[in-house]
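The values are calculated or read from the model by the stated rules, or taken from the named source; none is laboratory data. In this text, all values refer to a predicted model and were calculated from it rather than measured experimentally. So basically every Cβ, Gly included, is an ideal-geometry build from the backbone, and we count neighbours across all protein chains shown. Just the protein is used for accessible areas: all its heavy atoms, side chains included, with ligands, DNA and RNA removed. Shrake-Rupley method; radii C 1.70, N 1.55, O 1.52, S 1.80 Å.
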Amino acid sequence: DSYTIRTMKPVSNRESIKLYREILRGCKQFHWCNDKGEPWSKILKNSAREEFEQARNEKDPLIIARLLVVGRQCLNQTLYKYD
């Protein structure tokens, strides 16, 4: 059981970096500004950064997996609706 946890960490770390980079690439598509004149791409990048920072110290592999799955689904749905 501890072997599984140790071996999952590099995989989840790579997956989280991959997801984060895909989110940043997706943010570039939102080039218009909100009511305050702030570009949505910047707002979305900052929001993604905050969420990833909050989950940085998570140790439970099931919670990490859930965060990755939900993050991937949200990204896919957002980009699908945008296209």
Residue list for region 58-71, filter: surrounded by 14 or more Cβ atoms within 10 Å (Cβ to Cβ) and within 11 Å of the chain's Cα centre (by Cα): LEU67, LEU68, GLY71
Residue under evaluation PHE52, criteria (1) touching a residue at least 40 places away in the same chain (Cβ under 8 Å); (2) touching a Ser or Thr at 6+ places or on another chain (Cβ under 8 Å); (3) of a type in the set (A, V, I, L, M, F, W, C), criterion not met: (1)
Matching residues, region 22-57, being open to solvent by less than 70 Å² (accessible area, probe 1.4 Å) and under 17 Å from TYR82 (Cα atoms): GLU22, ILE23, LEU24, GLY26, CYS27, GLN29, PHE30, ASN34, PRO39, SER41, ILE43, LEU44
